[in-house]
Amino acid sequence: MDTLITWLHEPWPWYVAGPMIGLMVPLMLVIGNRSFGISNNLRHLCAITQPRHVDVDFFKYDWKEHTWSLYFVIGTGLGGFLAGVVFADPDPVALTPAALAMMQSWGFTAPGGTLIPPELFAPTVRNLTFLFTAGVLVGFGTRYAGGCTSGHAITGLSTLQLASVYAVLGIFAGGLLSSWLLVPLLLQ
Amino acid sequence: MRRYIPYLLAGLAFGFILVKSEAASWYRIQEMFHFQNFHMFGIMFSAIVTGLISVQFIKYLGRRSLDGQEIEIPAKPPGRKSYIYGGLIFGLGWGLIGLCPGPVFALVGTGSIGALAVLAGALHGTWLYGALKEKFPH
C-alpha cells in the first residue's frame, strides 16, 4: 500500500506514461467508436456559448453529439487535480543540467516544485495578458489544423494519416521557432 | 449521464498521466524543443507505437465497440496547407507557454489561474478561426 502511495506521488518515467497515453486511442475506439482528441472541445465550448445573434456557421452544429468528449476533458481536469494537488510531487522537475543552465540564462529560477514557472504563470496582469495571447495562437492553430498533439501526433500518426504528418511537422517547426527565438526574446 | 462515465474515467486517467509524466510542464517542453532530454520524445514515440499496434490489433480482430458499433477510424480531410499553417500557429503558441490543449485542462484542474487564462485565450482563438476561416488557405 505504501509503495502504491509513493508511486502515485512520484513522477512517472516516459516508458510508463507514453504507452498509457497511447492506449487512449484504442480505449476510445473500444468504448464507443470515438477518435481520441482534445482540441475539438474548444470548438464545442464555443458552440455551446455562442449567442444566437453572433451566428458563426462553424459553431452551428449539434454539439450534444459530442457530450462524451466534454466528459473526457472534465475528467482530464479532475485527473490534473488528483495528480497535481492530492498526489502532488513535492520534488522539483528534474531537468537535465543543460536545460537548467538554459533556464538560468533566460533569467528563470530553477524549478521549485511546480510544473510551470511562477515567472510566467503567477497571476500578474502582464503574465495573464501574455498567456491569453499565446492561448489565442493555440486555439486558432489547433482548429485551423483540425487537431492538436493528441488528435494529430498521437491519434493521427498511430492511424497512419498523411494529414497528421503535415500537422506534426508544422507544430514542431512552430515550437522550435518559438522556443529558440521568441522565448529568449520575450521572456528574458 | 451513465453512459458517459467511461469517458470521464478515461479523461481522469489522461489528466493524471499528463501531470505525472510532467508532459504538462513548461520546463519539460522547453527541454524537448532544445533536444536536451529524451523524456518527452520517449513519451511521444512510445505513445504512437502503442497506439499503432493496438489499432492494428483492433482492425485485425474486427470487433465492435462496447456499445455495439462497427469500429471505424475516420480519415482526416485531405489537404496540406491548413495542416501545415495551422500546425505552425499552434506550435508557436505551444513553444511559448509550454501547454497544449490536454495539459491546459489538466492544469486548470490544479487551480492554476495562468492555465485558465490560456484556456480563455484558446477559446477566443478557436472562435476567431471559426469566424475568419474562409479568409485562410486550406
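The values are calculated or read from the model by the stated rules, or taken from the named source; none is laboratory data. Just so you know, these numbers come straight off a predicted model, no measurement behind them. Note that each Cβ is placed from the backbone with ideal geometry, even for glycine, and that neighbours are counted across all protein chains shown. Heavy atoms of the whole protein, side chains included, go into the accessibility calculation; ligands, DNA and RNA do not. Shrake-Rupley method; radii C 1.70, N 1.55, O 1.52, S 1.80 Å.
Just how far, in whole angstrom, is the stretch A:30-67 from the stretch B:40-74 if you go by their alpha carbon centroids?
Here the two parts' Cα centres lie 24 Å apart.
Hey, if we sort B:Arg28, A:Arg43 by accessible area with the 1.4 Å probe, largest down, what's the order? List each step's numbers first, then the result.
Details: B:Arg28 15, A:Arg43 60 Å².
The most accessible residue leads, giving A:Arg43, B:Arg28.
What translational D, rounded to a whole number of µm²/s, comes out for the protein assembly as shown from Stokes-Einstein when the hydrodynamic radius is the Kirkwood one over Cα pairs, at 25 °C and 0.890 mPa s?
For these conditions, the coefficient is 125 µm²/s.
Would you please give the FRET efficiency between B:Arg80 and A:Leu181, computed as 1/(1 + (r/R0)^6) with r the Cβ-Cβ distance and R0 = 25 Å, to the nearest 0.05? Spell out each step's value before the answer.
Details: r = 25 Å, r/R0 = 0.99.
The value I calculate is 0.50.
Which residue, B:Leu99, B:Leu116, B:Leu66, tops the fluctuation ranking in a GNM of chain B built on C-alpha contacts under 10 Å?
The residue with the greatest mean-square fluctuation here is B:Leu66.
Which sequence of B:Glu134, A:Glu65, B:Glu22 reflects their accessible areas, 1.4 Å probe, from the largest down? Numbers along the way, then the final one.
Numbers: B:Glu134 160, A:Glu65 115, B:Glu22 10 Å².
Sorted descending by solvent-accessible area, the residues read B:Glu134, A:Glu65, B:Glu22.
For the stretch A:135-188 and the stretch B:3-30, what is the centre-to-centre distance using only Cα atoms, to the nearest Å?
With the stretch A:135-188 and the stretch B:3-30 each reduced to a Cα centre, they are spaced 18 Å.
Per q in 0.22, 0.23 Å⁻¹, report the Debye log10 I(q)/I(0) for the stretch B:61-138, using one uniform scatterer on each alpha carbon and no solvent.
The Cα Debye sum returns log10 ratios of -0.99, -1.03.
I'd like the per residue volume of the convex hull spanned by the Cα atoms of the stretch A:100-168, given in cubic angstrom. It would help to have the intermediate numbers written out before the result.
On the way: hull volume 8.8 nm³, N = 69.
Cα convex hull per residue, to the nearest whole number: 128 Å³.
Could you run the numbers on buried accessible area between B and A, total for both chains, 1.4 angstrom probe, in Å² to the nearest 100? Before the final figure, lay out each step's value.
Values: alone 11440 and 13560 Å², together 14640 Å².
Looking at B and A, the buried total is near 10400 Å².
Give me the orientation-averaged projected area of the Cα convex hull of chain B, in nm², one decimal.
11.0 nm²
At 0.692 mPa s and 37 °C, plugging the Kirkwood radius over alpha-carbon pairs of chain A into Stokes-Einstein gives what diffusion coefficient in µm²/s? Kindly include the intermediate steps, with their values, before the conclusion.
On the way: Rh = 19.4 Å.
The estimated diffusion coefficient comes to 169 µm²/s.
For the stretch A:35-127, just the Cα atoms, rotate onto the principal axes and tell me the three extents in Å, largest first.
51, 31, 23 Å, listed from the longest principal axis down.
Taking all pairs of distinct Cα atoms, average 1/r, flip it, and tell me the Kirkwood hydrodynamic radius of the stretch B:42-82 in Å to one decimal place.
On the way: mean 1/r = 0.0806 Å⁻¹.
So the Kirkwood estimate lands at 12.4 Å.
What is the projected area of the convex hull of the Cα atoms of the stretch B:1-67, averaged over all directions, in nm²?
Numbers: hull surface 23.8 nm².
For the stretch B:1-67, averaging the hull's shadow over all directions gives 5.9 nm².
If ligands, DNA and RNA are left out, what is the accessible area of B:Leu128 with a 1.4 Å probe, given in Å² to the nearest 10?
70 Å²
In chain A, which whole DSSP H runs stretch at least 18 Å along their own axis (Cα) and average 0.5 or higher on the Kyte-Doolittle scale?
Values: long enough: A:67-81 (21 Å, 1.06); A:125-145 (30 Å, 0.90); A:162-177 (23 Å, 2.06).
Span-like helices here: A:67-81, A:125-145, A:162-177.
Past the 23 Å Cα-Cα mark, which pairs from B:Lys81/B:Lys133; B:Lys76/B:Lys135; B:Lys59/B:Lys81; B:Lys20/B:Lys76; A:Lys60/B:Lys135? Provide the component values of the computation, followed by the final result.
On the way: B:Lys81/B:Lys133 13 Å; B:Lys76/B:Lys135 21 Å; B:Lys59/B:Lys81 30 Å; B:Lys20/B:Lys76 31 Å; A:Lys60/B:Lys135 19 Å.
In this structure, B:Lys59/B:Lys81; B:Lys20/B:Lys76 exceed 23 Å between Cα atoms.
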